[in-house]
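Take a look at the structure below.
The values are calculated or read from the model by the stated rules, or taken from the named source; none is laboratory data. None of these values were measured; they are calculated from a predicted model. Positions of Cβ are generated from backbone atoms using ideal geometry, with glycine treated the same way; all protein chains shown enter the neighbour counts. The accessibility values were calculated without ligands, DNA or RNA, using every heavy atom of the protein model including side chains. Shrake-Rupley method; radii C 1.70, N 1.55, O 1.52, S 1.80 Å.
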Amino acid sequence: MSTGIGKATGELADSLVRGIREYTDKIQFEVPHREIVIMEVCGTHTVALRKHGIHSLLPPHISLVSGPGCPVCVTPSSYIGNAIDLLRKNDSVLIATFGDMAKVPDERGRTLAGEAGSGRVAVIYSPADLFGLCERSGREVVFLGIGFETTVPTIASMLKAARGAGIRNLSVYCCFKLVPPALKALLRDPACAVDALLLPGHVSAILGLGPYEFIRDLYRIPAVVAGFEGLDLLTAIYMLLRQLAGGTGFIENAYTRVVKEQGNLKAVAIMEEVFAPAESLWRGLGTIPLSGLSLKPEFSDFNAEARFGLPQLTHREPAGCGCFLVIQGRLKPLDCPLFGTRCTPDRPVGPCMVSSEGACAAWFYYGASAV
Amino acid sequence: MKYRFFDAHITMECGSGGAASRELVEKVIFPYFRSETYSILSDASSFAFPREHGGVRSYTGRLLMTTDTYTVDPPFFPGGDIGMLSIFGTCNDLSVSGAKPQYLSVGFILEEGFEIENLTRALASMARAAEEAQVSVITGDTKVVPRGKGGGIYINTCGIGLGEASPLPEATRVRPGDTVIFSGPLGSHGIAVLAARENLALAGGIRSDVGCLYPLCATLFPLGENLRFMRDATRGGAAAVLNEIASGAGVGIEINETRVVVEEEVSVVSDLLGLNPLEIANEGVFIAIVAQAEEERAIESLRAVKGGEKAAAVGLVTEAHPGIVILETEVRGRRILGFPRGLLLPRIC
């Protein structure tokens, strides 16, 4: 909004866009009509790109596709079903969740929001809310643990505090996921046609740049860590195009004001104290070894899956739903046959239309790129 | 103050129509609205409009009427309360429609158990607001609902005003080439209410912008038919109003994000909460569409009036993409600014 530096921002944006066009022209000259596919790994980037109208500034032949970086979107379909079944079978249970998860349908079309009448579904805004909930509700509070490396350290910290405070009626239904293994699985797939990666800003603030080195070593495609303002995004895209035009493939950091090369060592240490990497099932990508987090034995008393004997996670795509392809960057929301017709934010079929970071919701709300 | 039929809280008997009701109205409510002209309680009140009115402005011969009901939660918030909101909000609807507000009715729905002290707080605020807006509350009604069946206090006001703008502003008069003006900075009211409701310490300094828009609107009336349309940006914020205009008039609208004024604090807090100031309710800001040739004159006039100091031309009406509002972002990208969806803050006004 009006910050007094609007003109300078606009001019800087113009010159970045000019640079992007020049590099694109150079690439087009070498390989005419080549489509350049850039994957924005993180859901927050999907929304930020739309919010700032970045698509309207890019030359044709540059294609931005979504990736698996939306935690709600990559959670297997039976996770919600298991939570709802638990809620219904066990009167003493109260499910605590972040807002988005409450609106995602399970395999039978049920949502947690739909169970609100039980009085045992609580939407929280931060893990710190859980303490008050445990005290006040007198119930078995089960927290839906969805999220990437950005959220995990706060939750680990909260669990340590819960242990210290002697809280017994809290457990976490873990479905945390790690970004680098998902990227590995994506890039290894022969069907993957991604030319460059826009790396997540917040996850990278935790992990640093080290975990992305395999991209350079094994695949040699350009990857740039980006921030979330309009200029951040344009700068990162400019840097990606510069590399593509020069034929290089290394990791760059365009979000240096927040992301340090070594990451946030304290946050990583807390994560490793409470959680350990484990095999995890991803919507679309299938089962990937060491791509999720589960509670270490010392914290197993907070493990909801064990405490309540929850069934193993499975995944089944709702009929016609394209989410599993959208999160792999292989289907654009507009090209999904259900988009805007059978699947809208009011009546979503899949999570990509529900989540505030879902690609389909972003396309629906902010409009297609041709404006 | 000691009452005979109740003590510090509203009781069901206060709504029964008997002695307790009479005491509530006579001793608690009416004192705030009694005037020389309206000195006794009647079921209906008559009113008249002077034949000659004002000096420069003329009365067009049309009367305008509006009504609004106020359910804001919490009833007292930084910068305002449900009382002043119920007066200014209704007066503002008349003002943006081209009228000078004159007479109001007021209806209260009080929940059993509501503190009389809070009622008198709201009433005192209403009296002050009525004086500032130069309107009279001339009739009213009070009902009581059982505990648990109401939100503490709900207020309905109906307002009648004199048509002054000629012609009266209307969405259908908006045409391509017209300028879009925001009369002030966006987002304060919604954030102030949300902060009070959710106890958000981080938004502590932000106060609602609730106020009387008549002086600002009236300064644009002389534009005559070059003043096409006005509407205050309440629920759904500026984004909702712009979309209503675009679809109502069958035109496209383009807004330049860098020209939209948002106070720094509001900007920071809405960013943290994931809210867009263009979608947040205001109670002291309206959108005006004027002919392009009058843009400068309109802005100068608004800036000369209290509350309009940050008035700005933020965009224009176009014949391209009819029904759609496009936002040009600060990096010169373009994207659709749709009707707000999803988390619309409830009970904001």
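Descriptive notes on the structure:
- Any hit, segment A:20-27, residues being open to solvent by 20 Å² or more (accessible area, probe 1.4 Å) and in contact with a helix residue (DSSP H, G or I) (Cβ under 6 Å, 6 or more places away or on another chain): yes
- Scanning segment B:328-343 for residues that are open to solvent by less than 20 Å² (accessible area, probe 1.4 Å), at the interface with chain A (Cβ under 7 Å from one of its Cβ atoms) and within 24 Å of the chain's Cα centre (by Cα) returns a single hit, B:338.
- Pairs with Cβ under 9 Å, 6+ apart, first in segment B:81-105 and touching a residue at least 40 places away in the same chain (Cβ under 8 Å) and more than 11 Å from residue B:214 (Cβ to Cβ), second basic (Lys, Arg) and in a helix (DSSP H, G or I): B:81/B:121; B:83/B:121; B:83/B:128; B:84/B:128; B:87/B:128
- Qualifying positions in segment B:310-327 - open to solvent by 10 Å² or more (accessible area, probe 1.4 Å) and within 14 Å of chain A (Cβ to nearest Cβ): B:310, B:312, B:313, B:315, B:318, B:320, B:321, B:322, B:323, B:324
- Among the residues of segment B:222-250, those identified as of a type in the set (Val, Ile, Thr) and open to solvent by less than 10 Å² (accessible area, probe 1.4 Å) are B:241, B:245.
- Considering segment A:156-169, the residues that are surrounded by 17 or more Cβ atoms within 10 Å (Cβ to Cβ) and in contact (Cβ under 8 Å) with a residue 40 or more places away in the chain include one that is farthest from residue A:265 (Cα to Cα), namely A:162.
- Checklist (1) under 26 Å from residue A:349 (Cβ atoms); (2) away from chain B (no Cβ under 13 Å) applied to residue A:29, failing item: (1)
- Criterion: in contact with a strand residue (DSSP E or B) (Cβ under 7 Å, 6 or more places away or on another chain) and either assigned to a strand (DSSP E or B) or surrounded by fewer than 21 Cβ atoms within 10 Å (Cβ to Cβ) (or both) - qualifying residue of A:289, A:345: A:289
- Residue satisfying all of: in segment A:112-138; more than 19 Å from the chain's Cα centre (by Cα) and crowded, with 19+ Cβ neighbours inside 10 Å; nearest to residue A:293 (Cα to Cα) among these: A:130
- Output for segment B:274-308, where each listed residue is open to solvent by 60 Å² or more (accessible area, probe 1.4 Å), within 14 Å of chain A (Cβ to nearest Cβ) and touching a residue at least 40 places away in the same chain (Cβ under 8 Å): none
- Subset of segment A:301-324 (residues that are open to solvent by 60 Å² or more (accessible area, probe 1.4 Å) and either part of a helix (DSSP H, G or I) or in contact with a strand residue (DSSP E or B) (Cβ under 9 Å, 6 or more places away or on another chain) (or both)): A:301, A:305, A:306, A:307, A:312, A:314, A:324
- Checking each residue in segment B:119-140 for being hydroxyl-bearing (Ser, Thr, Tyr) and more than 17 Å from residue B:71 (Cβ to Cβ) picks out B:120, B:136, B:139.
- Top-ranked residue of segment A:349-371 - restricted to ones that are in contact with a Lys or Arg (Cβ under 7 Å, 6 or more places away or on another chain) and within 15 Å of residue B:341 (Cβ to Cβ), ranked as most open to solvent (accessible area, probe 1.4 Å): A:365
- Checking the stated criteria, residue B:217 turns out to be in a helix (DSSP H, G or I) and on the phi < 0 side of the Ramachandran plot.
- Top-ranked residue of segment A:125-153 - restricted to ones that are among the aliphatic types (A, V, I, L, M) and touching a Ser or Thr at 6+ places or on another chain (Cβ under 7 Å), ranked as farthest from residue A:93 (Cα to Cα): A:146
- Of the strands (runs of 3 or more DSSP E) lying entirely inside segment A:135-206, those containing at least 3 residues that are of a type outside the set (A, V, I, L, M) span A:140-147, A:170-177.
- For residue A:364: the one exception among (1) in contact with a Ser or Thr (Cβ under 9 Å, 6 or more places away or on another chain); (2) in contact (Cβ under 8 Å) with a residue 40 or more places away in the chain; (3) within 13 Å of another protein chain (Cβ to nearest Cβ): (2)
- Given (1) outside any loop (DSSP other than H, G, I, E, B); (2) modelled with pLDDT of 95 or more; (3) closer than 30 Å to residue B:48 by Cβ; (4) not charged (D, E, K, R), index of the condition residue B:162 fails: (2)
- Complete set of residues in segment A:268-282 that are open to solvent by less than 10 Å² (accessible area, probe 1.4 Å) and not in a strand (DSSP E or B): A:274
- Every condition in (1) on the phi > 0 side of the Ramachandran plot; (2) among the small types (Gly, Ala, Ser); (3) modelled with pLDDT of 95 or more is met by residue A:166 except one, and the failing one is (3).
Residues checked against (1) part of a strand (DSSP E or B); (2) aromatic (Phe, Trp, Tyr); (3) under 14 Å from the mean Cα position of the chain (by Cα):
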{"residue": "B:93", "(1), (2), (3)": "no, no, yes"}
{"residue": "B:102", "(1), (2), (3)": "yes, no, no"}
{"residue": "B:110", "(1), (2), (3)": "yes, no, no"}
{"residue": "B:121", "(1), (2), (3)": "no, no, no"}
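- A residue that is touching a Ser or Thr at 6+ places or on another chain (Cβ under 7 Å), within 14 Å of another protein chain (Cβ to nearest Cβ) and assigned to a helix (DSSP H, G or I) cannot be found anywhere in segment A:68-90.
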